[in-house]
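Participant: Okay, handing you the structure first.
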Amino acid sequence: MGTPDLQSLADLSNSVSIVRNMRLVPVSLRMLTELAIAALVPILPLLLLKYPVAELAEKFFAKLSGL
């Protein structure tokens, strides 16, 4: 007798809990990091053609020591 009403209330409760768990922006920091890495990996060989490896390593380690 009251089962259909209780089931619809349970469905509504599940829907509300899903909406409450949603994020404002559907992007996480991990997703942005993976996207940046995927975009930069194809560019790396081009950098090696423009700048010598020793110069890139020198700049990289200079930035690391400056932190």
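The values are calculated or read from the model by the stated rules, or taken from the named source; none is laboratory data. None of the values given here were measured: they were computed from a predicted structure. Glycine also receives a Cβ, built like all others from the backbone with ideal geometry; neighbour counts cover every protein chain displayed. We work out accessible area using only protein heavy atoms, side chains counted, and drop any ligands, DNA or RNA first. Shrake-Rupley method; radii C 1.70, N 1.55, O 1.52, S 1.80 Å.
Participant: Ignoring ligands, DNA and RNA, what percent of the accessible area of the chain is carbon or sulfur (1.4 Å)?
Facilitator: C and S atoms contribute 71 percent here.
Participant: What do you get for the angle between helix 29-40 and the principal long axis of the chain? Use alpha-carbon atoms, 0 to 90 degrees, nearest ten.
Facilitator: Rounded to the nearest ten degrees, it is 40.
Participant: Here's another thing I want to ask about it. Skip the ligands, DNA and RNA, and give the accessible area per residue of the chain with a 1.4 Å probe, whole Å².
Facilitator: Per-residue accessible area for the chain comes out at 97 Å².
Participant: Another one. Working from Cα positions, state the angle (0 to 90°, nearest 10) between the long axis of helix 53-66 and the longest principal axis of the chain.
Facilitator: Once rounded, the angle reads 60 degrees.
Participant: A further question follows. Any chance you could give the angle, 0 to 90 degrees and rounded to 10, that helix 3-20 forms with the longest Cα principal axis of the chain?
Facilitator: 20
Participant: Using mean Cβ contacts within 10 Å as the protection proxy, how do 13-23, 53-63 order, highest first?
Facilitator: Highest-to-lowest ranking by the protection proxy: 53-63, 13-23.
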